[in-house]
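For reference, the structure discussed in these notes is given below.
The values are calculated or read from the model by the stated rules, or taken from the named source; none is laboratory data. Note that the coordinates shown come from a computational prediction; the quantities given were computed from them, not determined experimentally. Here the Cβ is made from the backbone with ideal geometry for all residues, glycine too, and neighbour counts use every protein chain on show. For the accessible areas, the whole protein counts, side chains as well, though only heavy atoms, and no ligand, DNA or RNA atoms are used. Shrake-Rupley method; radii C 1.70, N 1.55, O 1.52, S 1.80 Å.
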Amino acid sequence: MSRLNRRQFSKAVGASAVAASFGSIAYAQGKGKVVVIGGGAGGATAAHLIKKGAPNLDVTLVEVNPQYTTCFFSNLYLGGFRTFDSLTHTYDGLKNLGVNVIHDMATGVDNAGKTVSLKSGSKLSYDKLVLSPGIDFKWNAIEGYDQSATEKMPHAYKAGAQTKILKGQLEAMRDGGTVVMAPPPNPFRCPPGPYERASMIAHYLKTNKPKSKLIIMDPKPKFSKMALFQEGWETHYNDIIEWIGPDFTDGGVKKVDVAGMSVTTGDGETTKADVINIIPAQKAGAIAHAAGCTDGDWCPINPADFSSAKVKDVYVLGDASVAKSMPKSGFSANSQAKVVANAVQAELAGKKKFPARYRNTCWSLISPDNGVKVGASYKAGEKAVDVASKFISKPGEDNALRSQTYQESLGWYSAITSEMFAKG
Ligand SMILES: Cc1cc2nc3c(=O)[nH]c(=O)nc-3n(C[C@H](O)[C@H](O)[C@H](O)COP(=O)(O)OP(=O)(O)OC[C@H]3O[C@@H](n4cnc5c(N)ncnc54)[C@H](O)[C@@H]3O)c2cc1C
């Protein structure tokens, strides 16, 4: 309905409709309040694009940490290809744009009153709420692996201090030591992430501690880009990486002994190791559960705009959402954020709403200058985000193509972090 039509409609049907139409007119002038929870790949992009496209909207970003360290390329830091500093970004660009950035923990959402409670005790009201809190872990899904275990057996699957612990342990390990990695069960953030990590750890071991081993005890029989990784491991890390599928261990790692630095698999076998990287099973970040957006572990959404299928005026994007065929990745979260930003601007600032188009590409570095990728474009189906077209690197590609693929990934990192943090 146009603004003119709304006015005519109000006149015709009386006072309550007039009140409702005032709200709409205020929205059309772009004066609504948007609260975004989570300043990562999804939330930072959404806050940036909403504010940029509709400067009159009051946009608040709630992010618990003062800086954001990207999980993407954190494996390259483990391999020695990136510095830690190059992965860490501030929120200054978003602040300069006029986004109200609050470093606090969102602890609750009152859907009826449309407010968000913060740990500090204050409350924020919203017209539209955008949730992009990422993941939380299912502690004790592997017996003995709880939050306190992460100091000695890092997951390094939320980047930052955990990534540094894992890197420090690899550096401190003797040559001839054993690293054990337990990848998570599906679904989890970044399906190729554990296997790129294995490649990067193996590269570090090969160049620094060549007598060492990396044993991957997987609970899954198949994984993303499996043929490409296995080809790369055979060519570059044949003496270092051993991948063990669930058939040989009866389901992978079931128990850890943190003090004894060992893991026990489903078949009862115990393996001691010098470095143990457990990547636990995952679920949507806690605030998505508190907001009533979850169905089980994750948040169902409407594929046309990532609005919550459960709660009105709330959007859920990124890892926390159920995007079905679209993997949980930074690229996906950033792509979803563009659609959410458009939807919010259409609702609150009278902008045109475009049909949703989504994209994803996941690059992985296997060895120096040897990048591979998998990706797809998507459209909104009736019930799910559907694949429109897809692509994947092929085994046996020449060095020039692999080098070009790696270069593409560097360009992507720079582009996504510029867009997330409104740089330049
Ligand atoms: C090792 C590894 C490698 C990866 N590599 C790639 C890659 O190459 N390409 C790619 O596309 N993706 C990659 N990913 C995946 C990518 O990091 C995630 O999919 C992406 O970050 C998801 O974005 P998000 O916005 O959902 O969550 P996040 O980016 O995790 O952002 C969530 C933010 O919300 C904040 N938060 C959570 N709850 C609250 C709360 N209650 N109050 C305030 N703040 C809160 C958190 O502090 C965090 O900053 C990788 C992941 C890992 C672990």
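Heavy-atom accessible area for residue 92, with the other protein chains in place and a 1.4 Å probe, reaches approximately 80 Å². Each of the peptides 226-234, 282-290, 404-412 was scored by the mean count of other Cβ atoms within 10 Å over its residues; in descending order, highest first, they stand as 282-290, 226-234, 404-412. In plain terms, the chain from residue 418 to residue 312 could stretch by 35.1 nm, reckoned as 0.36 nm per residue minus the Cα-Cα distance.
Normalised by the number of residues in the chain, the mean separation of alpha-carbon contacts (under 8 Å, six or more apart) gives a relative contact order of 19 percent. For the cross-link pairs 33/373; 255/310; 206/272; 95/225; 213/423, which exceed 29 Å when the distance is taken from alpha carbon to alpha carbon? The pairs that break the limit, which is 29 Å between Cα atoms, are 33/373; 255/310; 95/225; 213/423.
Taking the chain as a Gaussian network of alpha-carbon nodes connected by springs under 10 Å, the highest mean-square fluctuation of the residues 50, 392, 240 belongs to 392. For region 143-280, the solvent-accessible area with a 1.4 angstrom probe is 41 square angstrom per residue. Taking all Cα pairs closer than 8 Å and separated by 6 or more residues, the relative contact order of region 56-162 comes to 24 percent. When the chain is treated as a Gaussian network with alpha carbon springs shorter than 10 Å, the biggest mean-square fluctuation among 398, 369, 127 belongs to 398. Remark on the chain: 71, 190, 362 stand apart, with no other cysteine beta carbon under 4.7 Å.
Taking 0.36 nm per residue of sequence separation and removing the Cα-Cα distance, the residue 250/residue 207 pair yields an extension gain of 12.2 nm. Prolate is the label for region 79-123. Its Cα gyration tensor axes, ordered a ≥ b ≥ c, give a/c of at least 1.5 and a/b above b/c. Given contacts defined as C-alpha pairs under 8 Å and at least six residues apart, what's the relative contact order of region 143-280, whole-number percent? Across region 143-280, relative contact order equals 33 percent. The residue list 165, 262, 215 was ranked by how far each Cα lies along the charge dipole of region 143-280 toward its positive end, using unit charges on Cβ atoms, and 165 comes out on top.
Treating r as the C-beta distance of residue 259 and residue 235 and R0 as 45 Å, the FRET efficiency rounds to 0.75.
Secondary-structure-derived ellipticity at 222 nm for the chain, considering helices only, amounts to -10000 deg cm²/dmol, per-run term -39500 (n - 2.57) for DSSP H runs with n ≥ 4. Its Kirkwood hydrodynamic radius, worked out from the mean inverse distance over all distinct Cα pairs, puts the chain at 22.7 Å. Between the helical axis of 330-349 and the longest alpha-carbon principal axis of the chain there is an angle of about 10 degrees. For region 74-149, the Kirkwood estimate of hydrodynamic radius, built from reciprocal distances between every pair of different alpha carbons, is 16.4 Å.
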